[in-house]
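Some notes on the structure that comes next.
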Amino acid sequence: MGFPESVLTTDEEVVLHLRPHWRRLVAPVGWLLLVLAAVVGGLVIWGGTGALVIAVLGVGLLMWVALWPYLEWRTTHYVFTTERVLYREGVLARRGRDIPLARINDVSFSHSLLERMLGSGTMTIESAGERGQLVLADLPGVERTQTVLYDLVEQDRVRPKAEEDEDGTGKLPL
């Protein structure tokens, strides 16, 4: 479930494509090991029909506590391009938000001591739109990403707009 490159414009280039930090997968992996140990223990103790019931319950529990969080992690995308910031998430139903670089007013980040040690944090992007903030939680390399985003915003401000024609009217050619 990669990021669909078809949503990019012709001149747009992906600068960073990130997913939430791997620490989001620590709890699901722990649950996976715990449930597998419980299922194996139940199979050894009960056997027969009881083993079948334990196996079915175990598979259902594994899907809920391990597979679903993995799929959520896998389908969450933080994409920084030369024109905008894209956020996409969702396994069955998709949600997304795009913020053009020209609309970004402020970028801030925060991270706890644990997040600093693991190299992640939360980035908040303030935009000049109706919806205001975009919060990117568990962003890996949050300080480096903030610097990259700042550079992208500055490049966007100084880059001549391709939409303007030679006389500077801003009208697109037909």
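The values are calculated or read from the model by the stated rules, or taken from the named source; none is laboratory data. Values in this document were obtained by computation on a predicted structure and should not be read as measured data. Note that each Cβ is placed from the backbone with ideal geometry, even for glycine, and that neighbours are counted across all protein chains shown.
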- Considering each residue of the stretch 122-141, count those that are in contact with a Phe, Trp or Tyr (Cβ under 8 Å, 6 or more places away or on another chain) and hydroxyl-bearing (Ser, Thr, Tyr), and give that number. 2
- Item | Complete set of residues in the stretch 72-88 that are within 22 Å of residue 144 (Cα to Cα) and without any contact (Cβ under 8 Å) to a residue 60 or more places away in the chain | 73, 76, 87
- Of all residues in the stretch 20-71 being touching a helix residue (DSSP H, G or I) at 6+ places or on another chain (Cβ under 8 Å) and in contact (Cβ under 8 Å) with a residue 60 or more places away in the chain, the one that is surrounded by the fewest Cβ atoms within 10 Å (Cβ to Cβ): 23
- Message: Would you confirm, using the coordinates I've provided, whether residue 91 is within 16 Å of the chain's Cα centre (by Cα) and assigned to a loop (DSSP other than H, G, I, E, B)?
- Response: yes
- Message: Can you tell me which condition residue 115 does not meet? The list is (1) touching a Phe, Trp or Tyr at 6+ places or on another chain (Cβ under 9 Å); (2) in the same structural domain as residue 143 (by TED's automatic domain parsing); (3) buried (at least 17 other Cβ atoms within 10 Å of the Cβ), and all the others hold.
- Response: (1)
- For the stretch 130-141, indicate whether the set of residues that are more than 30 Å from residue 63 (Cα to Cα), at pLDDT 90 or above, crowded, with 16+ Cβ neighbours inside 10 Å and charged (D, E, K, R) is non-empty. no
- Task: Report yes if residue 114 is at pLDDT 90 or above, in contact with a helix residue (DSSP H, G or I) (Cβ under 9 Å, 6 or more places away or on another chain) and part of a helix (DSSP H, G or I), otherwise no.
- Result: yes
- Task: Could you tell me whether residue 120 is out of contact with any Cys (no Cβ under 7 Å at 6 or more places or on another chain), surrounded by 14 or more Cβ atoms within 10 Å (Cβ to Cβ), of a type in the set (S, T, N, Q) and closer than 30 Å to residue 10 by Cα?
- Result: no
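Based on what the data block shows, is residue 37 under 30 Å from residue 157 (Cα atoms), assigned to a helix (DSSP H, G or I) and small (Gly, Ala, Ser)?
Considered against the rule, which asks whether it is under 30 Å from residue 157 (Cα atoms), assigned to a helix (DSSP H, G or I) and small (Gly, Ala, Ser), residue 37 comes out as no.
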